[in-house]
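Here is the structure we will look at.
The values are calculated or read from the model by the stated rules, or taken from the named source; none is laboratory data. Quick caveat: nothing in here was measured; it's all calculated off a predicted structure. Every residue, glycine as well, gets a Cβ built from its backbone with ideal geometry; the counts of neighbours run over all protein chains shown. Note: accessible area is taken over every heavy atom of the protein model, side chains too, but ligands, DNA and RNA are not part of it. Shrake-Rupley method; radii C 1.70, N 1.55, O 1.52, S 1.80 Å.
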Amino acid sequence: MNTKSLLYTWFGCLIGCLPLLALFLVPQLMRSRAGDERLLLAGTTLLLLLLVSAFVLAPVMSSWFSPIKPIWEPRTALRSARTVWRRSTRGAVGALAVGIAVYAAGQAVGYVIGAIVPYVSDNPAHINDPTQSPWLIHYPEYALQASFLYVMTAFAVAVYSWRIRALRQRS
C-alpha cells in the first residue's frame, strides 16, 4: 500500500462521486432550514443511496487510475472486492470501518466549518411577513461546507477501496 495509489484512488473517487457533490450543493435537499420536510426526506434518502452506491462501486472507481493487471481493472475490480469479502471478511469489515470512520470525521469537521462560517441566519423579513422563510441561506458559505463534505466523502470511499485493493494484492 503506497500513498501514490491512494491519491490516484482518491482522484477516481472524486470523479465517481460527482453525483454526491451535486446533491450536497442543493441546500433544499440537505438542510431542514432551506426547504420543507419532503425535500429533506428525499435528499436524505438520495444521500443514503448515493453513499451506499459509492462504497459498493469504490473498487471500480479505484481501478480507473490505479489498476493492477489482471486483478484490479475496471472490469475485474468488483469481482476482486467480492473475493476479498469472501476470503478475508475481517479485513474487509476493517476496511469498511476505516472508511466509515473517515466519513464520520469529515462530517464532524464539516460541522465545525459550518459553526465557524455559518451558512444560515435569521430572516428579518419573516418578522413582518410570516410568508417569508424564517431563514436566509448564505450560499457561498453553504457551498464551502458542502464542498468540504464532498472531498472528505470521496476520501472515505477512496480509503475503503485502497484498503480492499491492498487486501486483494495479498491474497
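Annotation: for a label point projected 7 angstrom from Cα along Cα→Cβ of VAL117, no residues of the stretch 1-31 have a backbone N closer than 11 Å. Entry note: the chain has Rg to Rh equal to 1.10, where both radii use alpha-carbon atoms and Rh is the Kirkwood radius. The stretch between ARG87 and VAL109 holds 4.4 nm of extra length on full extension. This uses 0.36 nm per residue minus the Cα-Cα distance. Its Cα gyration tensor gives the stretch 25-69 an equivalent ellipsoid, and the semi-axes of that ellipsoid, as √(5λ) in whole Å with the largest first, are 32, 10, 5.
Report, in order of residue number, the helices in the chain meeting two criteria: a C-alpha extent of 18 Å or more along the helix axis, and a mean Kyte-Doolittle hydropathy of at least 1.0; treat each whole DSSP H run as one helix.
Helices passing the filter in the chain: 37-65, 89-116.
In this structure, the amide hydrogen of HIS138, modeled 1.01 Å from its nitrogen in the peptide plane, lies closer than 5 angstrom to those of VAL120, SER121, counting only residues at least 5 positions away or on a different chain.
A simple spin-label model places the labels of ILE15 and ARG75 1.8 nm from each other, with each point 7 Å out along Cα-to-Cβ.
By the scheme Lys and Arg +1, Asp and Glu -1, what is the net charge of all other residues having a beta-carbon under 15 Å from that of GLN132? So the environment of GLN132 carries a net charge of -2. In this simple spin-label approximation, TYR139 and ILE127 carry label points 7 Å from Cα along the Cα→Cβ vector, and these lie 2.7 nm apart.
Report Rg/Rh for the stretch 6-89, rounded to two decimals, where Rg is the Cα radius of gyration and Rh the Kirkwood radius. Using only Cα positions, Rg/Rh for the stretch 6-89 is 1.13.
Each principal axis of the Cα cloud of the stretch 1-45 was taken in turn, and the coordinate range along them, longest first, works out to 45, 15, 15 Å. With a cut-off of 11 Å between beta carbons, the residues surrounding SER66 carry a summed charge of +1, where Lys and Arg count +1 and Asp and Glu -1. When the accessible area of the stretch 1-140 is computed with all protein chains present and a 1.4 Å probe, what percentage of it is carbon and sulfur? So the carbon and sulfur contribution to the accessible surface is 68 percent.
Amide H contacts of ILE68 (H built 1.01 Å from N, in plane; Pro and chain starts excluded): GLU73 sit under 5 Å, all sequence-distant by 5 or more or on other chains. For ARG163, the accessible surface of its heavy atoms amounts to roughly 90 Å² (probe 1.4 Å, protein chains only, rounded to the nearest 10). Enclosing the Cα atoms of the stretch 53-115 in their convex hull gives a volume equal to 90 cubic angstrom per residue.
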